[in-house]
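Reviewing the structure listed below.
The values are calculated or read from the model by the stated rules, or taken from the named source; none is laboratory data. As the structure is a prediction and not an experimental result, all values here were calculated from the model. Ideal geometry is used to build each Cβ from the backbone, glycine not excepted, and the neighbour counts take in all protein chains shown.
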């Protein structure tokens, strides 16, 4: 029997109308998360955008929900280049989900944007599990969290700036941080964000030497529980399509709902 909530052409994904509705909720939470503490959410052309000079991570500065005519979308992509350059970003980033026009690939190609990542939006459907090895993060954990995050992302981030940003998030009641200890250091951490009933699992990082011991699943359970306790009735995340990340998410009780493509455009030449 065909599930009426699923896409008949790809039963692993939601029906397009349901997917668009869900994507709107998730993207609103992602925009709000990117704005912690001094960022701004608004519109540029036919896109929704968050910019945050204080956030050195990719999620703090991005566009989504680009919806309009081909001319409007093309014009918006060109305007986004200046928008991100004006806040000091060397790259403009757009996440295209069911809230973005289906023709985005061709329009992006014509305007110099390139698809750089394919991911999946997943929603937690499993039971919430809590592990005694997982605890809420404290200020003294920030150095370890920053080091784990930089190593996992493989990006060059200004250390003091990242620490300041993580401290701002730790102080924000909408943000959730949980950790697991490994002697006198952290074995891993997970972080999330929740607002208006929607929770996001944003980072799950386990120290390489401690992987394949169940710590990742325990951290996911801990951050999902923290988001639920804070009022989230829906908990979602993004994972890379295929491979270990998708399998891990499914093992943690998440179900695939819709695809997301990240597009990027270098804007170095526009920086002052």
Quiz item: Only one residue in 77, 163 is in contact (Cβ under 8 Å) with a residue 12 or more places away in the chain and in the same structural domain as residue 43 (by TED's automatic domain parsing). Which one?
Solution: 77
Quiz item: Can we say residue 160 is surrounded by fewer than 18 Cβ atoms within 10 Å (Cβ to Cβ) and over 20 Å from the mean Cα position of the chain (by Cα)?
Solution: yes
Quiz item: Could you count how many residues in the range 80-116 are modelled with pLDDT of 95 or more and out of contact with any helix residue (DSSP H, G or I) (no Cβ under 9 Å at 6 or more places or on another chain)?
Solution: 6
Exercise. Return the only residue of 46, 26, 36 being more than 21 Å from residue 67 (Cβ to Cβ) and either surrounded by 15 or more Cβ atoms within 10 Å (Cβ to Cβ) or modelled with pLDDT under 95 (or both).
Key: 36
Quiz item: Would you pick out the residues in the range 87-107 that are touching a residue at least 60 places away in the same chain (Cβ under 8 Å) and more than 29 Å from residue 234 (Cβ to Cβ)?
Solution: 88, 89, 90, 91
Quiz item: residue 133 fails exactly one of the following numbered conditions: (1) in contact with a helix residue (DSSP H, G or I) (Cβ under 7 Å, 6 or more places away or on another chain); (2) crowded, with 22+ Cβ neighbours inside 10 Å. What is the number of that condition?
Solution: (2)
Quiz item: Among strands (runs of 3 or more DSSP E) lying entirely in the range 23-68, which contain 3 or more residues that are over 22 Å from residue 236 (Cα atoms)?
Solution: 40-44
